[in-house]
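Structure record follows, encoded as structure tokens.
The values are calculated or read from the model by the stated rules, or taken from the named source; none is laboratory data. As the structure is a computational prediction, the values presented were derived from the model and not from experiment. So basically every Cβ, Gly included, is an ideal-geometry build from the backbone, and we count neighbours across all protein chains shown.
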Amino acid sequence: MIRWTTVLVTTIAWAHGADAQPALERGKYLVNTIMACGNCHTPKDSDGAPVMSRELSGGLTFTIPPFNGTASNITPDPETGIGNWSDDDIKRALTHGARPANARLPGVPIAVMAVNFFKALLPEDQSAIVAYLRSVKPVRNAVPEPVYRVPVRHQQYPEAETGYSSEMLRDPVKRGSYLATIGHCMECHSPSERGVSDYSKTGLGKGGRKFSAADVQGFPPTWPGSTAANITSHPEKGLGNWSDAEITRAITQGISRDGRKLQPPMAFAWYRSMTNDDLSAIVSYLRTVPPLE
């Protein structure tokens with residue numbers, strides 16, 4: 001009887017995949033791998049490595065035409081972080097960019113966050129992320145208030161609007177699509193003109209978005225800036241002729257097919273901790289992105 005019970009429990013856990021993970025463990029995994037929250041929200045040292053003693057206490061600053069803003073303190077510090085926010089407050093901020101009434105800037109939308117992608121997060125993953133954020137060390141650090149020059153607008157991302165279900169994630173390509181969405185890959189890897197990104201069939205994954213030290217502050221002074229690559233399945237301009245191993249190496253080690261060192265803001269240091277199954281799922285999804293040049 002005990003053996004059959006063990007088999008049944010194991011089978012159920014395998015069938016539910018991520019759902020079988022304890023919430024705190026799942027949240028830690030999402031925050032510290034595919035979502036790479038620390039890439040923006042954790043300050044960096046002179047070599048570009050995250051300062052883990054100040055994890056998630058505020059990081060990169062963005063100085064772009066629509067606004068100036070610094071990635072906020074999302075530790076549980078009650079005064080400068082999110083320690084006094086409710087679980088629902090955190091979820092609304094994460095998926096809709098809404099600050100709660102007891103926040104520092106109540107009612108002012110959050111600009112420096114990919115909420116249009118995070119909207120895709122499954123309810124159980126939202127809860128897991130909240131559980132993990134509650135567990136990190138509170139750090140007192142008041143980041144500068146944002147300056148908005150135009151109204152904040154989060155452009156809809158089609159896959160996030162359509163949404164996902166736990167059942168869909170059993171399919172590797174769908175799971176890869178989900179991971180790439182909450183990882184907001186296409187936010188950088190699709191072209192953008194005057195603040196409007198092209199997520200249509202003529203732009204999705206085409207690359208071309210440029211990042212410079214004038215736009216993003218917080219990387220080492222030696223950072224040369226970067227241009228987001230074409231990650232469509234195009235055989236010459238994109239990843240169509242890359243092997244699975246080459247794509248995985250680029251994601252996790254920041255090394256291109258030709259051996260070139262790739263540059264931030266892509267969060268290689270976070271992605272390298274992803275499971276092999278999740279990396280394989282992302283590669284499977286990228287193979288389905290229509291070729292563009």
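Scanning the stretch 229-259 for residues being touching a strand residue (DSSP E or B) at 6+ places or on another chain (Cβ under 7 Å) and either basic (Lys, Arg) or surrounded by 19 or more Cβ atoms within 10 Å (Cβ to Cβ) (or both) gives a total of 1. If the condition is being under 13 Å from the mean Cα position of the chain (by Cα) and either part of a loop (DSSP other than H, G, I, E, B) or among the β-branched types (Val, Ile, Thr) (or both), then the stretch 173-191 contributes Thr181, Ile182, Gly183, His184. Scanning the stretch 53-77 for residues that are over 18 Å from the mean Cα position of the chain (by Cα), not aromatic (Phe, Trp, Tyr) and not in a loop (DSSP other than H, G, I, E, B) gives Ser53, Arg54, Thr63, Ile64, Asn68. Check the stretch 39-53 and report whether any residue there is at pLDDT 95 or above, at positive phi and buried (at least 19 other Cβ atoms within 10 Å of the Cβ). No, the conditions are met nowhere in the stretch 39-53.
The residues in the stretch 260-293 that are within 15 Å of Ala245 (Cα to Cα), surrounded by fewer than 18 Cβ atoms within 10 Å (Cβ to Cβ) and out of contact with any Pro (no Cβ under 9 Å at 6 or more places or on another chain) can be counted, and the count is 4.
In the stretch 105-124, how many are closer than 19 Å to Cys40 by Cβ and crowded, with 18+ Cβ neighbours inside 10 Å?
So the answer is 13.
Only helices (runs of 4 or more DSSP H) whose full extent lies in the stretch 78-162 are considered here, and the ones with at least 2 residues that are free of Cβ contacts under 8 Å to residues at least 40 places away in the same chain and within 18 Å of Met186 (Cα to Cα) are 87-96, 158-162. Within the stretch 192-204, if we keep just the residues that are of a type outside the set (Val, Ile, Thr) and assigned to a loop (DSSP other than H, G, I, E, B), the residue that is nearest to Gln126 (Cα to Cα) turns out to be Tyr199.
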